[in-house]
Amino acid sequence: MSESTMRSGPTEASLTDVPGLGPKSAESLASGGISTPAQLMATSLADIEEMGISRSMAKKLREGVIALYPDIYQNFAEEQSLEDIDGIGPTTAKALREKGMNILLLETTPVKELEERYGLTSNSAMKYQNALADAKGGYFTDALTFRDKVAKAPCFTFGAESLDDMFSISEYQTKGVRAGESYEFFGSFRSGKSQLCHQLCVTVQLPRELGGLGKKALYIDTEGTFSPSRIIQMATRLKEETGWDASIEDILANIQLARAKNSDMQMSIAQKALEILGDAADEFGLMVVDSVTAHFRAEYAGRGTLAERQQLLNHHLSILHRVADTYGLAVVVTNQVQANPAQFFGDPTQAVGGNIMAHWATHRCYLRKSKGEKRVIRVYDSPVLGEIESVFEITEEGVITSTA
Ligand code: ADP
Ligand code: MG
């Protein structure tokens, strides 16, 4: 260690003071704008890799920085990456990453898909997944630990109290939409499905202290009904009500939109989202698919194609589940209803998508139009919520609690 390092901190010291970091590596790092140990610590492994330094090398160098400044970096948590799994070397890691794989996704991807899509043998796929499970202390957790984890899952507001209350779980003292869980809103045309989705794209961005997650939203629009002007109206109301100081431009910019023109495109977009979230999971709190079934329903219309449709829809829905499971996003989908000629009593409509759709969401909710601007939402199926109803209104300002 040179004398200059002893005196200077990681923001002033030279890179070559770091043990194991020679002039050649320093040059590579400099080309990417890294000239101090502090910058080396603050840059992602992916970015460092782009400068021509492998992840394992970068990790070694960072260990060197930690050794040099133990007080400053004692709580530094190194990024986990594929190479950390026993048996995965740099070559396999690189090949997997090029196909969109990451360490979080490896855990939740079925072995069959790891074989077919990512080129692993089923033996290695299982070995890696076991290694991941072992690193977490095995497959089992006791229910008490699990309860604590579930209770701590962050939630965000609907931006309408009646809805937050309806979705409250008193045992966990949480309200609103829960991160890591899936929601289906089904109902007829104009029942308010897309309006709810729009509003959640705004409320998820609210800072924690105002009931949001402070995170961005992904929106897959299959019907072409996404409306920036609606976002502006909703954001304006929420800003006024809460004193939130975000700019309307930022709120819009924090919604990543993809327009799916057919079911194939919709499936590709979801798959892509699953992969790109690997680098941005912390930034996003919500993924919306509005509507999840419309293309499938239109493209596979005849009875003869039903089995194929259900198979594809099933695959698509499993990808959406994985977005929630892998990265902890709340996943919200909308679904249409169709007449059910077999039903003579009660509401003669049923959700599209059959059994596969029926079992997908954690919380399945039915929306229907009531008098005027009023809408009724009812929990149809949920492991924790009873079959409760709530009323909300859709106004110029968005989705609000019903006044009467
Ligand atoms: P769907 O369930 O078909 O997705 P939407 O969520 O798009 O239906 O709801 C459409 C309804 O939202 C409209 O019928 C209207 O009542 C209401 N709405 C949409 N935009 C506005 C607005 N700017 N001001 C007031 N109400 C609106
Ligand atoms: Mg709609």
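The values are calculated or read from the model by the stated rules, or taken from the named source; none is laboratory data. Everything quoted here is computed from the prediction, not taken from an experiment. FYI the Cβ positions are ideal-geometry reconstructions off the backbone, even for glycines, and counts take in every protein chain you see. Just so you know, the surface numbers come from the protein's heavy atoms only, side chains and all, with ligands and any DNA or RNA stripped out. Shrake-Rupley method; radii C 1.70, N 1.55, O 1.52, S 1.80 Å.
Work out the FRET efficiency for Asn340 and Ile388 from their Cβ-Cβ distance, taking R0 = 35 Å, and round it to the nearest 0.05. Show your work: numbers first, answer last.
On the way: r = 23 Å, r/R0 = 0.66.
So, using R0 = 35 Å, E works out to roughly 0.90.
I'd like the carbon and sulfur percentage of the solvent accessible area for the range 18-138, probe radius 1.4 Å, heavy atoms only, ligands and nucleic acids excluded.
That fraction is 51 percent.
Only sites in a loop by DSSP and with at most 13 other Cβ atoms within 10 Å count here; which trypsin sites (Lys or Arg not before Pro) in the range 345-404 make the cut?
Details: sites: Arg364, Arg368, Lys369, Lys371, Lys374, Arg375, Arg378; in loops: Lys371.
Sparse-neighbourhood loop trypsin sites (Lys or Arg not before Pro): Lys371.
How much accessible surface does Tyr118 have with a 1.4 Å probe, in Å² rounded to 10?
Spelled out: Tyr118, probe radius 1.4 Å, area about 10 Å².
Hand me the trypsin sites (Lys or Arg not before Pro) from the range 127-218 located in a DSSP loop with no more than 13 other Cβ atoms within 10 Å, in residue order please.
Lys136, Arg190
Among the trypsin sites (Lys or Arg not before Pro) in the range 251-353, which ones are in a DSSP loop with at most 13 other Cβ atoms within 10 Å of the Cβ? Mind listing them?
Loop-located and lightly packed - Lys261.
Place a +1 charge on the Cβ of each Lys and Arg in the range 172-324 and a -1 charge on the Cβ of each Asp and Glu, then give the dipole magnitude about the Cα centre in debye, rounded to the nearest 20.
The dipole of the range 172-324 has a size of about 480 debye.
Using only alpha-carbon positions, what ratio does the radius of gyration of the chain give when scaled by 2.2 N^0.38 Å?
Details: Rg = 24.3 Å, N = 404, 2.2 N^0.38 = 21.5 Å.
Ratio of Cα Rg to 2.2 N^0.38 Å: 1.13.
For the modelled label position 7 Å from the Cα of Asp134 along Cα-to-Cβ, which residues of the range 100-119 have backbone nitrogen atoms closer than 17 Å?
107
Return one whole number: the accessible area per residue of the chain in Å², for a 1.4 Å probe.
Accessible surface, normalised per residue, equals 49 Å².
Label-point separation (nm) for Glu161 and Ala77, each offset 7 Å from Cα along Cα-to-Cβ?
3.6
Please find, in a Gaussian network model of the chain (springs between Cα atoms separated by less than 10 Å), the residue of Met265, Met287, Met41 whose mean-square fluctuation is greatest.
Taking springs between Cα atoms under 10 Å, the residue moving most is Met41.
As a test question: what accessible area, to the nearest 10 Å², does His321 have when a 1.4 Å probe is rolled over all protein chains in place?
Only protein atoms counted, so the area is about 60 Å².
Determine ³J(HN,Hα), in whole Hz, for all residues of the range 380-386 in sequence, where each value follows from phi through the Karplus function 6.51 cos²θ - 1.76 cosθ + 1.60 and θ = phi - 60°; x replaces Gly and Pro.
Using θ = phi - 60°, the values come out as 9, 7, 7, x, 10, 9, x Hz.
Figure the gain on full extension for Ala358 and Thr145 (residue separation times 0.36 nm, minus the Cα-Cα span) and round it to one decimal in nm.
Taking Ala358 through Thr145 to full extension adds about 73.7 nm, to one decimal.
With labels modelled as points extended 7 Å from the Cα through the Cβ direction, what inter-label distance (nm, one decimal) is found for Thr236 paired with Lys112?
Taking the two extended label points, one gets 5.1 nm.
Could you check what % of the DSSP bridge pairs in the chain are antiparallel, to the nearest 5?
Just about 45 percent of them are antiparallel.
Taking amide H positions as placed in the peptide plane 1.01 Å from N, state which residues far from Leu286 in sequence (5 or more) or on other chains have amide H under 5 Å from it.
Here Leu218, Ala330 satisfy the definition.
Springs between alpha-carbon pairs under 10 angstrom, Gaussian network model over the chain: which of Ala361, Ala77, Ala301 fluctuates most?
Per the Cα network of the chain with a 10 Å cutoff, Ala77 tops the list.
Karplus couplings for the range 365-378 from phi (6.51 cos²θ - 1.76 cosθ + 1.60, θ = phi - 60°), rounded to Hz, Gly and Pro as x?
Going residue by residue, I get 10, 10, 10, 9, 6, 10, 5, x, 8, 6, 10, 10, 10, 10 Hz, with x marking Gly and Pro.
What helices does the chain have that are whole DSSP H segments, at least 18 Å long along their own axis by Cα, and with mean Kyte-Doolittle hydropathy of 0.0 or more?
Sorted by number, the helices that extend far enough and score high enough are 55-68, 263-276.
So what does Ser390 come to for accessible area, using a 1.4 Å probe and Å² rounded to 10?
Here the residue's solvent-accessible area equals roughly 10 Å².
Between Arg259 and residues 5 or more places away or on another chain, which pairs have amide H atoms under 5 Å apart, with H built 1.01 Å from N, and which residues are they?
Amide H neighbours of Arg259: Asp221.
Name the residue from Met41, Cys201, Leu385 whose Cα lies farthest towards the positive end of the charge dipole of the chain, charges +1 on Cβ of Lys and Arg and -1 on Cβ of Asp and Glu.
Toward the positive end, the furthest listed residue is Leu385.
Which entries in the list Lys216/Lys239; Lys149/Lys272; Lys193/Lys374; Lys152/Lys239; Lys175/Lys272; Lys24/Lys60 go over 19 Å, if you measure between the two C-alpha atoms of each?
Check vs 19 Å cut-off fails for Lys149/Lys272; Lys152/Lys239; Lys175/Lys272.
With +1 on each Lys and Arg Cβ and -1 on each Asp and Glu Cβ, and nothing else charged, work out how big the dipole of the chain is about its Cα centre, in Debye to the nearest 20.
1120
With the cut-off at 19 Å, report for the range 151-234 the share of all Cα pairs above it, as a whole percent. Write out the running numbers ahead of the final one.
Details: 1337 of 3486 pairs.
Of all Cα-Cα distances in the range 151-234, 38 percent exceed 19 Å.
Above 25 angstrom, tally the Cα pairs of the range 261-404 and express them as a % of all pairs, no decimals.
Tail of P(r) above 25 Å: 38 percent of Cα pairs.
Once the dipole of the chain is set up with Lys and Arg at +1 and Asp and Glu at -1 on Cβ about the Cα centre, which of Tyr219, Ser370, Leu277 lies farthest towards its positive end?
Ser370
Please list, by residue number, everything in the range 18-51 whose backbone N is under 18 Å from a paramagnetic label point 7 Å out along Cα→Cβ of Glu12.
Within reach of a label on Glu12: 18, 35-40.
Can you list the HN-Hα couplings for the range 175-182, worked out from phi with the Karplus curve (6.51, -1.76, 1.60; θ = phi - 60°), rounded to whole Hz and with x for Gly and Pro?
9, x, 8, 9, 4, x, 10, 10
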